[in-house]
Amino acid sequence: MNTSESIAPAVESILDSARERDGGDERLSVEARSFPDAVAEAEREGRVAVIAEVKPTSPTTEGIREDDPVELAREMVAGGAAALSVLTEPEHFGGSPETLRRVREAVDVPVLRKDFLLREDQLDVVEADLVLLIARFVDDLAGLVEAAKERGFQPLVEVHTREELAEAIEAGADVVGINNRDLGKLEVDLDTFERVAIEAPEDVLLVAESGIGSGENVRRMREAGADALLIGTAIMDGDVRENTNDFTTA
């Protein structure tokens, strides 16, 4: 874990909770829906590949959205989402493994498990198609990437700097998310994707994360090399089908 820079108290609290959470009792084996195929299909159909996030709440948003997450997920897919992201972190994001399980059963697109996963046994809590691994917070990134792949998961390795990108590539990441939000300060800067993406190998699938709230933002990230975009708050804020469609056709 890279602790060379300070971490925002809200994030430190999330990490403390993650360290205490149990893993699964049995090793999972997953038949994952292909995320690269979903991105390619969106491209063929002239859509922007969007990972729409079912996010009831978070430390950076106000209030809680209490709609049925399954219905929200279906509306997002109807709006053109290429994949979904479902929070399983319970204490700060209002997520749960059961929510992910229900959503994945209800849709036919790849589903990302978004959580703060620190240990191998935490991979075995619930089946998903992709799992988020945050490079900054994982002690043995290569080991966790390998463990995820052995179970059939597609690891989406999240980075924020060029150094973390290099670490992710060295660890065997095929899908890399570049987070525009600095988890040390919880500040968003879209320049982050542009600075980091330029160093990525051509065969790595790049996902732009955080701060994407308009069609202009979408076009900016795409021009900088984003193959897909993870969008949460801007879709959850209002009619999710219409909002998803707005981003997938931007």
| note | Taking every DSSP bridge whose two residues both lie in the stretch 9-248, the antiparallel percent to the nearest 5 is 5 percent
| task | Work out how much length Asp108 to Glu91 would gain on full extension: take 0.36 nm times their residue separation and subtract the Cα-Cα distance, in nm to one decimal. | result | 3.3 nm
| request: Quote the relative contact order of the chain in percent (integer), defining contacts as alpha-carbon pairs under 8 Å separated by 6+ residues. | output: 23 percent
| task | Calculate, in nm to one decimal, what Val70 and Asp140 gain on full extension: separation in residues at 0.36 nm each, minus their alpha carbon distance. | result | 21.8 nm
| request: Compute the separation of the alpha-carbon centres of the stretch 138-161 and the stretch 165-185 and state it in Å as a whole number. | output: 10 Å
| said: Quick query: amide H of Glu158 versus all other amide H atoms, modeled in the peptide plane; which residues come in under 5 Å with a sequence gap of 5 or more or a different chain? | reply: Leu133, Ile134, Ala135, Gly177
| note | At R0 = 35 Å the Cβ-Cβ FRET efficiency linking Asp237 and Arg44, nearest 0.05, sits at 0.75
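With only alpha-carbon pairs counted, each pair once and no self-pairs, how large is the Kirkwood hydrodynamic radius of the stretch 125-207 in angstroms?
Hydrodynamic radius (Kirkwood, Cα only) of the stretch 125-207 equals 12.9 Å.
If each DSSP helix of 4+ residues adds -39,500 (n - 2.57) and the sum is divided by the residues in the chain, what number results at 222 nm, nearest 500 deg cm²/dmol?
Value at 222 nm, helices only, nearest 500: -10500 deg cm²/dmol.
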| task | Find how many whole Å separate the alpha carbon centroid of the stretch 83-98 from the alpha carbon centroid of the stretch 9-56. | result | 9 Å
| remark: Of the candidates Asn243, Thr88, Ala73, the farthest towards the positive dipole end of the chain (Lys/Arg Cβ +1, Asp/Glu Cβ -1, centred on the Cα centre) is Asn243
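Since every read-out is calculated from the coordinates, none of them should be taken as a lab result. Everything quoted here is computed from the prediction, not taken from an experiment. Counting neighbours? That spans all protein chains shown, and the Cβs are built from the backbone with ideal geometry, glycine included.
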